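> Got a structure for you, questions after.
The values are calculated or read from the model by the stated rules, or taken from the named source; none is laboratory data. Since we're looking at a predicted model, the values are computed, not measured. Neighbour counts are summed over all protein chains in view; Cβ atoms, including those assigned to glycine, are modelled from backbone coordinates with ideal geometry.
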């Protein structure tokens, strides 16, 4: 039985529109799906615990920061572990996605040089691989935290998929930018490690925004991941509707990152083979 027909991309046609790229990626959706499934299978192949290993990193971070802030620094925020879970899960998805995606083009040099397909698929696949793990981890951690701390359900919690979708689009946009840049400048991967270490402490994950001096709060709130982390904390921890400023930043960052990432990928993807 013949497999699904794959549309042929005409390289003479100038791929200068986002719609063209989106359609191209959609036509190669089977390749995208297979890349994500391949990474998931490779990650857990031969492992006895399988997916449970993905819980180890956030669980270790939560444990370390809980001990440090509750018993050493003595931060007595009620249900502080729940507060940590919301931020650390979102951060782990974001940081791991960017770390993998930054080398998506360079690390697949043989594939890029030998076969044509929309190059955007490679960083997008890295993000979706980490998103799948984030979704499965959140599906285990969040209900457990709600039950353990007896947090009643609230209407704002229905917004979780909305902000999750915005964070996904934002992460894809940054991933496209990093993957494109790393194809030409390898130092970006090293710079990314330093940037993520700094950015973690500039995001209200292990501290509440209220503890930040009023003069510094605007600077903390506008850091890239803060609107999404703050939104998760508002809808789950405080059970409140996110403020308009959080909505504006989350949507604005997602749109801007996706626009810039796709524009850079469109402009430079034909030159990747020359530089990797």
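> Scan 141, 131, 200 and give me the residue that is closer than 30 Å to residue 244 by Cβ, assigned to a helix (DSSP H, G or I), within 21 Å of the chain's Cα centre (by Cα) and modelled with pLDDT under 90.
Matching residue, one of 141, 131, 200: 141.
> Could you check, for the stretch 17-27, whether at least one of its residues is loosely packed, with under 15 Cβ neighbours inside 10 Å, more than 30 Å from residue 264 (Cβ to Cβ) and at pLDDT below 70?
No, the stretch 17-27 has no match at all.
> Okay, moving on. Does residue 171 count as in contact with a helix residue (DSSP H, G or I) (Cβ under 7 Å, 6 or more places away or on another chain), buried (at least 21 other Cβ atoms within 10 Å of the Cβ), under 22 Å from residue 253 (Cα atoms) and at pLDDT below 95?
In short, no.
> Test of understanding: among 196, 249, which residue is buried (at least 17 other Cβ atoms within 10 Å of the Cβ) and touching a residue at least 12 places away in the same chain (Cβ under 8 Å)?
Of 196, 249, the one residue that is buried (at least 17 other Cβ atoms within 10 Å of the Cβ) and touching a residue at least 12 places away in the same chain (Cβ under 8 Å) is 249.
> Also: Need the failing condition index for residue 35 against (1) crowded, with 16+ Cβ neighbours inside 10 Å; (2) closer than 30 Å to residue 204 by Cα; (3) at pLDDT 75 or above, just the number.
Unmet for residue 35, out of (1) crowded, with 16+ Cβ neighbours inside 10 Å; (2) closer than 30 Å to residue 204 by Cα; (3) at pLDDT 75 or above: (2).
> Any idea how many residues of the stretch 144-163 are crowded, with 19+ Cβ neighbours inside 10 Å and modelled with pLDDT of 95 or more?
Qualifying residue count, the stretch 144-163: 1.
> In the list 95, 120, 125, which residue meets the criterion of being within 10 Å of the chain's Cα centre (by Cα) and buried (at least 19 other Cβ atoms within 10 Å of the Cβ)?
Checking each option against the conditions leaves just 95.
> Given the condition assigned to a helix (DSSP H, G or I) and under 27 Å from residue 249 (Cβ atoms), answer yes or no: does some residue in the stretch 108-121 qualify?
Checked against the condition, which is being assigned to a helix (DSSP H, G or I) and under 27 Å from residue 249 (Cβ atoms), the stretch 108-121 yields no hits at all.
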